[in-house]
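Below you'll find the structure, written out as structure tokens, and then a few comments.
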Amino acid sequence: MRKLFGPFCLILVFAAIISTVTRSQEREMNVFSQSFASTVMKKVCDWQLQNPVALNERNENDWARAAFYTGVMATYRTTQEKKYLDAAIAWSESCDWKLARRLRHADDHARGQTFLEIYEIMQKPGMIADVQSTFDSLIADPKSGREDWWWCDALFMAPPVLARLAAATGDNRYLGFLNTMFWDTHDFLYDKEEHLFFRDQSYFDKVRVLQYLPKDDPFRDRYVALLQEMAAAIKRIQGEDGLWRPSLLDAKEVPHPETSGSSFFCYALAWGINNGLLSRDEYLPVVKRAWQGLNSWVTAEGKLRWVQPIGAAPDKVTMDNYQEYGSGAFLLAGSEIYRLNAAP
């Protein structure tokens with residue numbers, strides 16, 4: 001069985017599990033309400049802010065913390081509680097509003113998503129100066145998508161930064177660069193039979209761009225078609241508990257639940273419904289099952305369990321595994337559930 005893996009990118013291009021925690025009947029009935037979504041988001045966000053993962057201080061793991069802060073900002077947008085904006089600002093200031101160290105590496109661009117979201121609110125040019133200079137350098141010395149974005153997770157890290165940067169500056173060079181890079185990576189990694197992405201070329205044999213892409217962008221319809229195509233593929237392989245396994249096409253390979261990829265899928269599907277790109281009748285049941293399953297793995301303190309450790313392939317997961325990117329993905333999903341305000 002071929003392995004396809006990459007929950008962090010699948011959320012973007014698609015924009016990517018069951019517990020013994022006891023839940024009351026009342027909680028089950030209200031799990032899709034706005035009040036529940038905002039409450040559980042705050043609980044998960046607060047717990048993760050108080051329990052940072054030391055491993056993510058390493059530059060090569062910086063993307064994991066950056067993914068979490070996209071969720072912190074989603075929590076702020078949903079709840080309007082200033083402490084979450086303050087937390088994101090404090091982290092950004094600790095980074096001196098600069099991207100991580102590797103100029104060409106998409107993982108090191110992921111911080112820019114939060115920098116740009118804060119810039120939208122505060123409009124201080126220094127917040128995005130390094131983001132601009134970094135991508136200006138890359139545009140001046142371009143390489144192909146399959147060279148710089150050779151693994152599918154890169155499609156979560158860098159493209160949303162470029163889309164936000166174009167929206168913030170009005171400079172369409174960033175959109176041109178984004179579209180050229182994205183679709184070359186797509187042609188390199190996308191399996192047209194399974195409608196999923198290979199993690200990288202080593203497996204060949206074995207919804208955040210759309211949010212900021214202009215309505216009249218010539219590539220917009222192609223992004224929408226890809227989201228719809230992948231949504232249908234993800235729907236077919238959803239687990240009975242509402243969640244997905246680390247090896248998407250071979251559930252028996254790693255038969256444990258996994259909550260970070262499942263959170264990203266829940267987010268992307270709910271975003272598609274909320275924005276009229278996916279059929280509510282067809283996909284709302286999928287989102288409901290996913291959100292129900294995800295919440296069954298949130299502890300009373302706010303820890304999200306069953307998050308796969310950092311790695312380049314499907315791997316063993318244990319119930320007590322947690323990671324900052326898992327919490328970030330859950331918070332993104334919660335923000336779209338809040339918008340859905342789905343009835344049980």
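The values are calculated or read from the model by the stated rules, or taken from the named source; none is laboratory data. The model shown is predicted, which means the values in this text are computed figures rather than measured ones. When we count neighbours, we look across all protein chains shown, and the Cβ atoms used for this are built from the backbone with ideal geometry, even at glycine. These accessible areas exclude ligands, DNA and RNA; they are computed on the full protein's heavy atoms, side chains included. Shrake-Rupley method; radii C 1.70, N 1.55, O 1.52, S 1.80 Å.
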Residue-wise HN-Hα coupling along region 108-116, computed from phi with Karplus coefficients 6.51, -1.76, 1.60 (Hz; x: Gly, Pro):
7, 9, 4, 3, x, 4, 6, 4, 6
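Please compare each pair in K98/K124; K42/K215; K83/K124; K43/K82; K82/K303; K43/K83 to a cut-off of 24 Å on the Cα-Cα distance and tell me which ones are over it. Write down the numbers at each step before the final one.
Values: K98/K124 14 Å; K42/K215 33 Å; K83/K124 19 Å; K43/K82 15 Å; K82/K303 22 Å; K43/K83 13 Å.
Listed pairs above 24 Å: K42/K215.
So, with +1 on the Cβ of K and R and -1 on the Cβ of D and E, and no other charges, what is the size of the charge dipole of region 145-286 about its Cα centre, to the nearest 20 debye?
Working: 15 positive and 22 negative charges, 79 e Å.
So the magnitude is around 380 debye.
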Peptides 162-168, 39-45, 77-83 ordered by average Cβ neighbours within 10 Å, highest first
162-168, 39-45, 77-83
5 angstrom amide H check on S247, placed H, neighbours 5+ away
V254
Restricting to DSSP H runs of at least four residues, report the calculated mean residue ellipticity at 222 nm for the chain, -39500 (n - 2.57) per run over all residues, nearest 500 deg cm²/dmol.
-17000 deg cm²/dmol
All aspartates and glutamates inside 17 Å of K316 as judged from Cα atoms, apart from same-chain residues fewer than 8 positions distant
D250, E253, E258
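Under the classification rounded if a/c is under 1.5, otherwise prolate if a/b is larger than b/c and oblate if not, where does region 93-243 fall, given a ≥ b ≥ c as square roots of the Cα gyration tensor eigenvalues?
Working: a/c = 1.74, a/b = 1.60, b/c = 1.09.
Prolate, since a/c reaches 1.5 and a/b exceeds b/c.
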If you keep only loop residues by DSSP, which trypsin sites (Lys or Arg not before Pro) in region 251-302 have at most 10 other Cβ atoms within 10 Å of their Cβ?
K252
Of all accessible heavy-atom area on region 156-315, the percent that carbon and sulfur account for (1.4 Å)
46 percent
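Using the Cα centre of the chain as the reference point, and only Cβ charges (+1 on K/R, -1 on D/E), how large is the resulting charge dipole? Debye, rounded to the nearest 20.
Working: 39 positive and 44 negative charges, 114 e Å.
Dipole size: approximately 540 debye.
Fully extended, how many nm does the chain gain between W150 and Q123 (0.36 nm per residue separation, minus their Cα-Cα distance)? Write down the numbers at each step before the final one.
Working: separation 27, 0.36 × 27 = 9.72 nm, distance 3.32 nm.
Result for the pair: 6.4 nm of gain on full extension.
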Using a probe of 1.4 angstrom, how much of the accessible area of region 26-134 is carbon and sulfur, in percent?
49 percent
